[in-house]
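The values are calculated or read from the model by the stated rules, or taken from the named source; none is laboratory data. Since the structure is predicted, the reported quantities are computational estimates derived from the model, not experimental observations. Here the Cβ positions follow ideal geometry from the backbone for every residue, glycine too, while neighbour counts run over all protein chains shown. With ligands, DNA and RNA removed, areas are computed over all heavy atoms of the protein, side chains included. Shrake-Rupley method; radii C 1.70, N 1.55, O 1.52, S 1.80 Å.
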Amino acid sequence: MRLLRLLLSVLSEDYGRKLKQFVATEMIAAALAGFGFVLLVPTLGALLEDDTDSAWGWLAAMVAAFLLYAVVAYQGKAAGFAVGSTVSRALHRRLGAHIVRLPLGWFGARRLGSMGVLASKGVVDVMGVPAHLARALISALVTPVTVVLAMFVFDWRLALAALVSLPVLALAGIITGALIGKADKRSHAARAEANGRVVEFATHQAVLRAFGQARSGDERLEASLEEQRKAGRALLLTAVPGFAGFAAAVQVAFGVVFIIGVQRALGGGVSVAELVALLVLVVRFVEPILVAADLAGALRVAENSLARFDELLSTPPLPQPSEPQTPSGNDIVFTDVGFGYEPDTPVLDGVGFHLPQGSVTALVGASGSGKTTVTRLIARFWDVDEGSVSIGGVDVRQIASEDLLNRLSLVFQDVYLFEGTILDNIRLARADATDEEVMAAGRAAAVDEITDRLPDGWHTSVGEGGSRLSGGERQRVAIARAILKDAPIVLLDEATAALDPANELLIARALAALLADRTVLVIAHRLHTVQAADQILVLDEGRIVESGTHDELLARDDGRYAGFWRRRSQAKGWRLRPTADVASTTG
């Protein structure tokens, strides 16, 4: 019954009501089946004793019971298939509705792989519960209980023997299901890992081929597929003995009841006619249990999938303010912010700064210093562990998520484009924008240079993930999105990293026009791109160690920013081949 409780927990109230109606119908059908089987006893008894008048009466009652069972069972089966299809829609809808409320930082690669398995195979497993599995499960519970209760009317000793066997059979089923469930969890984890590796293998073919790994495959992919094979084999080796053991337990229970019945007949406790009828009833007692045994593995797999749905749907969503506040401006303030992705591993420690409205601030620092984390906290991908992040004097945790994101235009280093045209991908920033507005934003980001040389122009398909465009071209489309959105706060994380110098200059000019009168935070490793910023913040190991304009920071000879600048200037003189002096010293 835990299976049905889990199913009810992951469905909305409306779908849950339909499921309860289906379960009630199936329970009535199973009870009618059991009652019909019970009527076999007086019917066969009367026939064997040559009491035809009584036999006809009992037979008529049995036929009526089975006809009623057929009507109710048909309704239950139709309802099961209907509920199965609605369960699919309900799960996808609940999953989608819950996912959009989770913190964006929740979406890691491993979780995405597991969620992909859950949204595909997991949904199919759960759909089978009302459509196929629940009927067998309910029948295995209700029909034997109905038969046992009726057997007390005819012979309490046989009924007691059958009743005692029920907890033994239940224990055998629980043990079998637990073993299969444990093996299925390992199998699910292996499938999720393998799915992630297959996607990685397919999307990184350029790197694999460049290093001669395209034919032999990525070692991690091969290892994950091998683990999936082992997990599947373990599941099979666990399931087969479990099924055999459970079936053997059912047969032993039948054998014990049969022996007791024969002893009762030989001792004169029951007539031969009654014994034959009761043994037929015992067969009907064990049959639904055996059917359920055949489906035990599928039931446990479905239960595991439901448990994973329940776990995902129980993940706390991003807290929303009960009384959202509206910022009075678009300046950004970090106040003693502390944050870490893992407990006891801080990424930011006591960070504080002010980004005045309408100013351009550059954030520089070594890789891993926490620059991207700063932008993600502004967008509230995560909530801070300590301190606060505020916009226009209001803590971002007190701003409605939709209002917060409407104030932000984000362009990150890793750009993802959706399957569709260039026009569609730019319009993602503002669905109601006209083609002319979309194209104007694209021209400002130099996207027209791309469309002019493509046969389908603005209607060119970008491919899955933007695979038909280069990295620089994808970034220009992303910048065009930001231009079209026209938000008062702009966060640029290495927005020009994948552009060649000519296009970088073109984009810089477009951004200069776009960013006027907006609050801008720019992250860049190319220091020459941030020289004109109103202020520069230097981040090192999660702390702001310097701040000022380019000239002010450069004047500090021993400063961190000045050191970055000198190393950058020296790096411009690197050569493909070493000079004679270098060659002689390296020997």
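Side notes on the structure shown:
- Close contacts from segment 143-169, counting a first residue that is closer than 17 Å to Leu275 by Cβ and a second that is open to solvent by 80 Å² or more (accessible area, probe 1.4 Å), with Cβ to Cβ under 6 Å and a gap of 6+ residues or different chains, come to Ala159/Phe152.
- Breaking point among (1) at pLDDT 90 or above; (2) surrounded by 18 or more Cβ atoms within 10 Å (Cβ to Cβ), for Asp424: (2)
- Candidates in segment 380-402 are the residues that are in contact with a helix residue (DSSP H, G or I) (Cβ under 7 Å, 6 or more places away or on another chain) and assigned to a loop (DSSP other than H, G, I, E, B); of these, the one that is most open to solvent (accessible area, probe 1.4 Å) is Trp382.
- Among the residues making up segment 487-516, those that are among the acidic types (Asp, Glu) and either at pLDDT 80 or above or open to solvent by less than 30 Å² (accessible area, probe 1.4 Å) (or both) are Asp493, Glu494, Glu504.
- Any hit, segment 306-328, residues being open to solvent by less than 20 Å² (accessible area, probe 1.4 Å) and either of a type in the set (Gly, Ala, Ser) or assigned to a strand (DSSP E or B) (or both): no
- When residues of segment 255-274 are limited to those that are open to solvent by less than 20 Å² (accessible area, probe 1.4 Å) and modelled with pLDDT of 70 or more, the one nearest to Thr143 (Cα to Cα): Val257
- Test: residue in segment 351-359 that is assigned to a strand (DSSP E or B), in contact with a helix residue (DSSP H, G or I) (Cβ under 8 Å, 6 or more places away or on another chain) and modelled with pLDDT under 90: no
- Residue list for segment 341-350, restricted to those being on the phi < 0 side of the Ramachandran plot, part of a loop (DSSP other than H, G, I, E, B) and surrounded by fewer than 17 Cβ atoms within 10 Å (Cβ to Cβ): Tyr341, Pro343
- Between Val337, Val301, the distinction of being at pLDDT below 80, open to solvent by less than 30 Å² (accessible area, probe 1.4 Å), among the β-branched types (Val, Ile, Thr) and more than 30 Å from Phe258 (Cα to Cα) belongs to Val301 only.
- When the criteria are applied in full, Arg111 fails the requirement of being open to solvent by 20 Å² or more (accessible area, probe 1.4 Å), modelled with pLDDT under 70 and not in a helix (DSSP H, G or I).
- A single member of Arg101, Arg93, Arg5 is assigned to a helix (DSSP H, G or I), open to solvent by 40 Å² or more (accessible area, probe 1.4 Å), at pLDDT 75 or above and charged (D, E, K, R), and it is Arg93.
- Among the residues listed as Leu454, Leu484, the single one being closer than 25 Å to Gly420 by Cα, modelled with pLDDT of 85 or more and surrounded by 19 or more Cβ atoms within 10 Å (Cβ to Cβ): Leu484
- Residues in segment 27-70 that are more than 17 Å from Val280 (Cα to Cα) and either over 53 Å from the mean Cα position of the chain (by Cα) or polar (S, T, N, Q) (or both): Asp50, Asp51, Thr52, Asp53, Ser54, Trp56, Gly57, Ala60.
One line per residue, one yes/no per condition, for (1) open to solvent by 90 Å² or more (accessible area, probe 1.4 Å); (2) under 24 Å from Gly261 (Cα atoms); (3) assigned to a helix (DSSP H, G or I); (4) in contact (Cβ under 8 Å) with a residue 24 or more places away in the chain:
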site	(1), (2), (3), (4)
Lys20	yes, no, yes, no
Thr25	no, no, yes, yes
Ala29	no, no, yes, yes
Gly36	no, yes, yes, yes
Ala46	no, yes, yes, no
Trp56	yes, no, yes, no
Met62	no, yes, yes, yes
Gly76	no, no, yes, yes
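- Note on segment 458-496: residues that are within 25 Å of Leu355 (Cβ to Cβ) and in contact with a Phe, Trp or Tyr (Cβ under 9 Å, 6 or more places away or on another chain) total 6.
- Every residue from segment 366-379 that is open to solvent by less than 10 Å² (accessible area, probe 1.4 Å), among the hydroxyl-bearing types (Ser, Thr, Tyr) and part of a loop (DSSP other than H, G, I, E, B): Ser369
- Selected residue [modelled with pLDDT of 75 or more, in contact with a Ser or Thr (Cβ under 6 Å, 6 or more places away or on another chain), surrounded by 21 or more Cβ atoms within 10 Å (Cβ to Cβ) and part of a helix (DSSP H, G or I)] from Val126, Val147: Val126
- Verdict on Gly442 being assigned to a helix (DSSP H, G or I) and surrounded by fewer than 19 Cβ atoms within 10 Å (Cβ to Cβ): no
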